[in-house]
1. Take Asn296 and Asn282, extend 7 Å from each Cα along the Cα→Cβ direction, and tell me the distance between the two endpoints in nm.
2. For region 130-144, what does the Karplus curve 6.51 cos²θ - 1.76 cosθ + 1.60, with θ = phi - 60°, yield as ³J(HN,Hα) per residue in whole Hz, taken in order and with x for Gly and Pro?
3. Pull up all non-local amide H partners of Val255: gap of 5 or more, or a different chain, and H-to-H distance under 5 Å with H placed in the peptide plane.
4. Along the charge dipole of region 224-330, Cβ charges K/R +1 and D/E -1, which of Ser292, Ile232, Thr262 sits furthest on the positive end?
5. Any idea of Thr289's accessible area? Nearest 10 Å², probe 1.4 Å.
6. Could I have the simple spin-label model distance between Ala126 and Arg185, label points 7 Å from Cα toward Cβ, reported in nm to one decimal?
7. Quick one: which residues, 5+ away or cross-chain, put their amide H under 5 Å from the amide H of Gln226? H built at 1.01 Å from N.
8. List the residues, sorted by chain then number, that are 5 or more residues from Asn311 or on another chain and whose placed amide H is less than 5 Å from its amide H.
Amino acid sequence: MSTAENLPYELLGRYFSGEATPEEAMAVDDWIREHRDHRKLYDQVAAVWDDAALQQRYRLPDKAAALQELKAKMTGRPVVRKMLPLSRIAAGLVLLAGVAAILFFMLRSGNEREAPAIVSKQTGEAIRRDTLPDRSTVVLNSHSALQYAEGFRDTARWVKLSGEAWFDVTSQPHKPFIVAVGDVRIEVLGTSFNVRQSDTAIAVMVKTGAVRMSEGDSSIQVKAGQEGVYHIARKELGLTAGAFNSNQLGYATRVFNFDNITLKEITAQLEKAYGIRVVFENKALEDCTMSSSFDNKPIEYIFEVISVTLNVTCRFEKEEVFINGAGCGG
């Protein structure tokens with residue numbers, strides 16, 4: 001029996017239309033990994049769906065346009081005069097029939113519901129704190145963007161991220177939360193974690209719970225206190241050695257553990273987390289060092305501790321803080 005004949009058409013139909021349960025979605029992943037030809041078949045069907053949907057995940061295709069697309073794919077290839085083996089012809093017909101069945105299923109599903117609107121959030125210099133439709137919270141770092149379907153009405157809570165964001169996800173065991181960032185998918189049920197995208201890597205730092213990072217056929221589990229990294233150039237997933245520095249999450253959590261670092265480094269992190277601007281009227285104070293921990297404290301309290309510890313004066317003027325004095329505890 002050919003691999004094409006084993007293609008789970010109806011299951012893929014629900015998968016692409018966003019109506020698969022988490023268990024069915026995992027079954028699709030398992031099927032893809034069973035045989036290398038399954039990945040090729042999956043990619044062919046996915047290409048038909050992506051083209052018909054005009055690359056918009058949350059907008060189901062128009063029936064006439066989708067059927068026209070399928071017809072083009074079936075008849076648009078150049079004619080080859082060499083006779084093909086009957087087995088290859090049969091396998092091709094089975095695949096095309098399956099693709100048609102999948103499109104029919106998705107089109108029928110599309111007629112039964114309206115496509116939800118896409119909500120877009122983006123930031124400039126400032127950080128944005130927001131609550132998602134499922135009551136999960138997100139902190140969008142500067143120069144980042146987030147998109148998701150209004151109301152999270154699908155069987156999975158999909159969000160698309162560009163840049164960096166912190167997520168504190170509410171637990172809904174039957175409705176996984178999935179972050180799409182570049183080529184990577186991050187799936188969770190209920191946890192808190194940070195996603196940071198750069199030109200060279202996509203990093204996920206998990207504070208509580210666990211997530212699964214996946215790219216193509218590869219996946220890893222990232223547990224609390226661990227950092228998973230996808231290296232874009234090498235297309236590799238892996239865990240970094242040791243625990244990550246929790247101060248990297250401070251812009252979102254406002255939890256800091258400063259251990260003998262300079263006042264310049266400390267204020268840079270406070271500027272990001274609290275949306276303030278720090279001005280050193282005495283530049284020599286930038287090199288003063290201190291150790292202290294803060295758990296989501298008011299910014300005025302933090303600078304009061306800095307003033308007493310380092311013998312400096314901290315003056316607030318609206319959203320600016322001016323630091324002066326002899327300093328460094330002397």
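1. Taking the simple label geometry, Asn296 and Asn282 are separated by 3.5 nm.
2. Calculated HN-Hα couplings, in order: 8, 10, 7, x, 8, 6, 5, 10, 9, 10, 8, 5, 4, 6, 10 Hz.
3. HN-HN under 5 Å from Val255: Asn296.
4. Farthest towards the positive end: Ile232.
5. 70
6. About 3.6 nm, to one decimal.
7. Close amide H contacts, sequence-distant or interchain: Val206.
8. For Asn311, the qualifying residues are Gly329.
The values are calculated or read from the model by the stated rules, or taken from the named source; none is laboratory data. Nothing here was measured: the structure is a model prediction, and the numbers come from that model. Cβ atoms come from the backbone with ideal geometry, glycine included; neighbour counts cover every protein chain shown. Side chains included, ligands, DNA and RNA excluded: accessible areas come from the protein's heavy atoms. Shrake-Rupley method; radii C 1.70, N 1.55, O 1.52, S 1.80 Å.
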